[in-house]
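To start, the structure under review is shown below, and the notes come after it.
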Amino acid sequence: MQRAIEIFTGLVLTTTLAAAEPPPLRFDTSDFGPAGSDAPQIEPWREIRIDPLYGGHWIVTGDLDGDGAADIVSAQNALGDGIHTTSSAVAQRLDGSILWRWGDPTAGQKEVGYDVGLQIYDWDGDGNNEVILLTEGFLVELDGATGQVRRRFAIPKRATDCLIFANLSGGPRATDVIVKDRYRRIWAYNQKGEQLWGGDWKPGGYPTAHQVRPIDLDGDGKHELMAGYVMLNSDGTIRWTYESKVMDQSRGHLDCCRVLQRGKRPEDFRLLLTCCGDENIACVDGNGKILWESPGHHFESIQLGTIFPDLPGPHILVDIAHRPPGENPLWVMDPEGNVRGKLMLENSRIHGLVDWNGDGYEEILLSSARGLFDYRGVRIGTFNTGSPGSVMLLGDMTGDGISDVTILTQDPAVVHVFKNKRGKSTAPLGCGVNHTLY
């Protein structure tokens, strides 16, 4: 077949590349919500009303008080002048009771369309989780059990867009922290609050990604950082720059990066990149060499897993966003970039993969559609949340080591926890560190 590729050089030119005939689609289906579906209802194990005063729609989960059970931290954020800061937070047990509250509940908003700078992490490695957040001009560390401020250190006023923990020093665990503003600058700090590097720059001349992705490409114990269209070394210097062959990179930024394949050498790695505004999804190796690109759509978030039982994986689940309601596809691709399944949805934006029936393969989760879909693109279950979901998290919430499904609905904000009764016991307690909407 012939593939048309747009190349932007001031004028739009079109050329064609010869390509092998792609493999056939495994499914091409549509689902516009649970109404009229005969798929069985999946009832929640717990429903937790988020504190209406301090809580918001950014949520992360983990064990805060060391009792072996998951807890929920939700946050509001104050948005202004193109940047947002964490303005209030509340920690709640799964019975809805309050562990603690922090911040000014009158200063921010509940809604999110982006990551908020708040994570749960055992930063000091003592076996107890802390809550770390970014407020205007400061990083603040709270005791996980009590919410008391343990310490705070100064960061640039606008460096509050998101919060990432990474290993830049080569120690036994990730104790360094990455902060950033929205699309221009990145800073790195060690655990003492000492700035390692960063400043007023666009890495490689391109905007930053929504969330910096730490990856140890060369096995030296230090993380390299996919910071946008550039891969940074642990000292903040540029290792390589992704230069697309099929798109104009001046129009957008990196939405997300996922590791499709790991290896002993950089060239053995396979990294997936989605390009917001630039309308492309690409696979590169750990040296930035392009292996394939598929332009033409606004790809956003990627999940990886084994969806088709008889097709070599991992399989790539990716949404195509910023389209009218009812015209938002979710694609399943193979590792070579061939599209193997298409599911058309009212809203495809928040999705996930989880082994729900214990057969060793992943089912597709859709938050807004409240749906569980199999490898045929067919709804096989509906999560009974009462209204469309927004934020969705995966991770053990019940203490059995199996990844459960947590869906937030809004107005009022309610967290619905769905217990996974048949999956395999491999999941950590809570959503894990460096949680992202992307």
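Output the strands (runs of 3 or more DSSP E) that fall wholly within the range 314-353 and possess 2 or more residues being under 19 Å from residue 25 (Cα atoms) and open to solvent by 20 Å² or more (accessible area, probe 1.4 Å), or say none.
339-345
Could you count how many residues in the range 157-215 are open to solvent by less than 20 Å² (accessible area, probe 1.4 Å), more than 20 Å from residue 118 (Cβ to Cβ) and either at pLDDT 95 or above or part of a loop (DSSP other than H, G, I, E, B) (or both)?
Qualifying residue count, the range 157-215: 4.
Go through the range 309-338 residue by residue and tally those that are within 18 Å of residue 349 (Cβ to Cβ) and not acidic (Asp, Glu). Step through it out loud before you land on a result.
Pass one, the range 309-338, residues within 18 Å of residue 349 (Cβ to Cβ): 316-333.
Pick out the ones that are also not acidic (Asp, Glu) and you get 316-318, 320-326, 328-333.
Total meeting the criteria: 16.
Might you check whether a residue that is over 30 Å from residue 327 (Cβ atoms), part of a strand (DSSP E or B) and modelled with pLDDT of 90 or more occurs anywhere in the range 23-34?
Taking every residue of the range 23-34 in turn, none turns out to be over 30 Å from residue 327 (Cβ atoms), part of a strand (DSSP E or B) and modelled with pLDDT of 90 or more.
Quick check on residue 367: is it surrounded by 18 or more Cβ atoms within 10 Å (Cβ to Cβ), at pLDDT 95 or above and farther than 27 Å from residue 21 by Cβ? Explain how you work it out, then say what you get.
On the way: surrounded by 18 or more Cβ atoms within 10 Å (Cβ to Cβ): yes; at pLDDT 95 or above: yes; farther than 27 Å from residue 21 by Cβ: yes.
For residue 367, the condition - surrounded by 18 or more Cβ atoms within 10 Å (Cβ to Cβ), at pLDDT 95 or above and farther than 27 Å from residue 21 by Cβ - is met.
Take the residues in the range 49-68 that are more than 23 Å from the chain's Cα centre (by Cα) and touching a residue at least 24 places away in the same chain (Cβ under 8 Å), then tell me which one is farthest from residue 427 (Cα to Cα). Please lay out each step first, then the result.
Residues of the range 49-68 that are more than 23 Å from the chain's Cα centre (by Cα), as a first pass: 49, 51-54, 65-68.
Filter once more, keeping what is touching a residue at least 24 places away in the same chain (Cβ under 8 Å): 49, 51-54, 65-66, 68.
Details: 49: 25, 51: 27, 52: 30, 53: 32, 54: 29, 65: 19, 66: 17, 68: 14 Å.
Of everything passing the filter in the range 49-68, 53 is farthest from residue 427 (Cα to Cα).
Looking for something over 20 Å from the mean Cα position of the chain (by Cα), farther than 24 Å from residue 52 by Cα, open to solvent by less than 10 Å² (accessible area, probe 1.4 Å) and not acidic (Asp, Glu) - is there at least one such residue anywhere in the range 406-420?
yes
For residue 234, are the conditions met, namely being modelled with pLDDT under 95 and either at positive phi or not charged (D, E, K, R) (or both)?
Considered against the rule, which asks whether it is modelled with pLDDT under 95 and either at positive phi or not charged (D, E, K, R) (or both), residue 234 comes out as no.
What number of residues within the range 139-156 are among the aliphatic types (A, V, I, L, M) and buried (at least 20 other Cβ atoms within 10 Å of the Cβ)?
The total comes to 4.
For residue 277, are the conditions met, namely being of a type outside the set (D, E, K, R), open to solvent by less than 70 Å² (accessible area, probe 1.4 Å), under 26 Å from residue 179 (Cβ atoms) and touching a helix residue (DSSP H, G or I) at 6+ places or on another chain (Cβ under 7 Å)?
Details: of a type outside the set (D, E, K, R): yes; open to solvent by less than 70 Å² (accessible area, probe 1.4 Å): yes; under 26 Å from residue 179 (Cβ atoms): yes; touching a helix residue (DSSP H, G or I) at 6+ places or on another chain (Cβ under 7 Å): yes.
Taking the combined requirement at face value, the residue satisfies it.
Between 248, 255, which is out of contact with any Gly (no Cβ under 7 Å at 6 or more places or on another chain), closer than 20 Å to residue 319 by Cα and of a type in the set (Asp, Glu)?
On the way: 248 fails: closer than 20 Å to residue 319 by Cα.
Answer to the selection: 255.
How many of the residues in the range 216-275 are under 17 Å from residue 185 (Cα atoms), in a loop (DSSP other than H, G, I, E, B) and among the β-branched types (Val, Ile, Thr)?
So the count comes out to 1.
Only one of (1) more than 21 Å from residue 141 (Cβ to Cβ); (2) in a strand (DSSP E or B); (3) not hydroxyl-bearing (Ser, Thr, Tyr) fails for residue 69. Which number is that?
Residue 69 satisfies every listed condition except (2).
Of everything in the range 259-274, what is open to solvent by less than 40 Å² (accessible area, probe 1.4 Å) and in contact (Cβ under 8 Å) with a residue 24 or more places away in the chain? Give them in sequence order.
Listed by number, the residues that qualify are 259, 260, 266, 269, 271, 272, 273, 274.
Residues being buried (at least 19 other Cβ atoms within 10 Å of the Cβ) and farther than 18 Å from residue 410 by Cβ: count how many of those fall in the range 67-77.
2
If only one of 89, 39 is within 30 Å of residue 128 (Cβ to Cβ) and touching a residue at least 24 places away in the same chain (Cβ under 8 Å), which one is it?
Numbers: 39 fails: within 30 Å of residue 128 (Cβ to Cβ).
When all the criteria are applied, what remains is 89.
Does residue 160 satisfy the condition of being touching a Gly at 6+ places or on another chain (Cβ under 9 Å) and within 22 Å of residue 222 (Cβ to Cβ)?
No: the conditions fail for residue 160.
Within the set of pairs 6+ apart or on separate chains, which have a first residue in the range 291-304 that is open to solvent by 30 Å² or more (accessible area, probe 1.4 Å), a second that is assigned to a strand (DSSP E or B) and among the acidic types (Asp, Glu), and C-beta atoms under 8 Å apart?
291/285; 295/6; 296/6
The values are calculated or read from the model by the stated rules, or taken from the named source; none is laboratory data. Predicted, not measured: the structure shown is a model, and the values here were computed from it. Ideal geometry is used to build each Cβ from the backbone, glycine not excepted, and the neighbour counts take in all protein chains shown. Accessible surface is based on the protein model in full, side chains and every heavy atom, while ligands, DNA and RNA are left aside. Shrake-Rupley method; radii C 1.70, N 1.55, O 1.52, S 1.80 Å.
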